[in-house]
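What follows is a single structure, written as structure tokens, with notes after it.
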Amino acid sequence: MKKRLNGLVPLGAAAVLLAMGSPAQAQMGPLCAGRNACAEVTPFLATINDFRTSTSGRYKVLTSSIRFQNKTNRPLILGYVSGSGIAIDDQGNRYAASTIRGIGEISGRNADSKFVLQPGEASDGRFELIWEPTRGVVFGLSFELELTIREIVPLPGNQIRLGPEHALHFKALTNNTSFNAPGQAAPSMAQPPAVAPAPVGVPHPAAAPAVAAPQAPVADACAGLQRCYNAGPFIAEVKSVIPSNESRYHVVHLNVRIRNVSGEQLILGYKAGTSTVIDNLGQRYYWGRAGTYDTSATGIGVVQGNKADPQFVLNPGQSRDATFRLFRNRAPNGGVGNAYNFDVALQQLAVLQSQQIQTVREYSLNFPNLPLAGMGAAPAQSVGEATKALKDIFKKKK
């Protein structure tokens, strides 16, 4: 839900205004160590967890999962500036942002302020960009991605104002790009001199926000689990990926186990229209067949428009399963991939005393390179074969 800047924002009693740094242009900072899938600015670090190319009808699609990590010693609220996301391939073709998940958007004087990161905390946003090629045009295989992220500043009286903008730039991105490649550790943050808090509403004009002080290591709730995503208050583990054929469709069934790792009761819902699968051949699977509503999720309530089903309640330590079914048309001469990238958005809900349901936060979950398990699995395919098949798919779409 978007809130006007002069309206009320559900920031919670603990949200306070601390010092803000001056705007910073994104650049390859020391934490990025010269890696293309990383951008560092004064208050946060942005790293690409997963970058995929695919096709959707007559469009070519880029899907990027970006992790934002708070470097400051204060809560940090971020929003994506609507319309700022673009990508250019090595042939000069321009992709425009079409779908944003996980992080709220800022459009004019409207701002969604639910993407709050505590000191040292990290969370993901998903960005999809599309381009419609014309017949005979040459498409590229390497991309530069730009987008603008803006700080949202809490003010007394549960009001907000817009803070500094940060232009992020990622270059030399290719299909299946990831910042944290296998065997590559995530960057660690050093501690600079602390900055004293400014009076409410008066930022330090020349001082940068202090980086969060080092904390004792926190056990990873996903440790020892395969195909697991740690969202903070909960973890989600893909237990099985099973393909099947139904009429003229190829279908992928994913069973996901969700566990509450927080100390509070948790209510979650699936955000309708957000589940997507991309196979290793660049083929996209969708949450429904043509002309249908989103019925892809079972076992978990659906959030759609102004309606939300709060049935998926987890007490501390409790686990429950949800199943997702995604479809694509079976092309007469099309191949079937043997690995899948699964993206889905879950929303944390709260039931108010008036029995109204409020969205507290949206989480964008990303599960890359899921292998098949179960009957109907495709035979293994070499990287070279998969790359050739991906290029063939792009050629067919021109």
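Points worth noting:
- The peptide list 345-351, 157-163, 88-94, 64-70, put in order of mean Cβ contacts within 10 Å with the highest first, becomes 64-70, 345-351, 157-163, 88-94.
- Taken over the Cα atoms of the range 240-287, the convex hull encloses 118 Å³ per residue.
- Highest average first, the peptides 116-125, 219-228 ordered by how many other beta carbon atoms sit within 10 Å of their residues are 116-125, 219-228.
- Net charge of the neighbourhood of Asn341, taken over other residues with C-beta under 9 Å away and scored Lys/Arg +1, Asp/Glu -1, is -2.
- For the listed residue pairs Lys60/Lys171; Lys114/Lys271; Lys71/Lys307; Lys114/Lys307, the alpha carbons are over 26 angstrom apart in Lys71/Lys307.
- Heavy atoms of Asp112 accessible to a 1.4 Å probe, total area in Å² rounded to 10: 20 Å²
- With all protein chains modelled, accessible area of Ile267 [1.4 Å, Å²]: 20 Å²
- Here's how it looks for Ile300: its modeled amide H is under 5 Å from those of Thr323, which are all 5 or more places away or on a different chain.
The values are calculated or read from the model by the stated rules, or taken from the named source; none is laboratory data. Since this is a predicted model, take the numbers as computed values, not measurements. Cβ atoms come from the backbone with ideal geometry, glycine included; neighbour counts cover every protein chain shown. We work out accessible area using only protein heavy atoms, side chains counted, and drop any ligands, DNA or RNA first. Shrake-Rupley method; radii C 1.70, N 1.55, O 1.52, S 1.80 Å.
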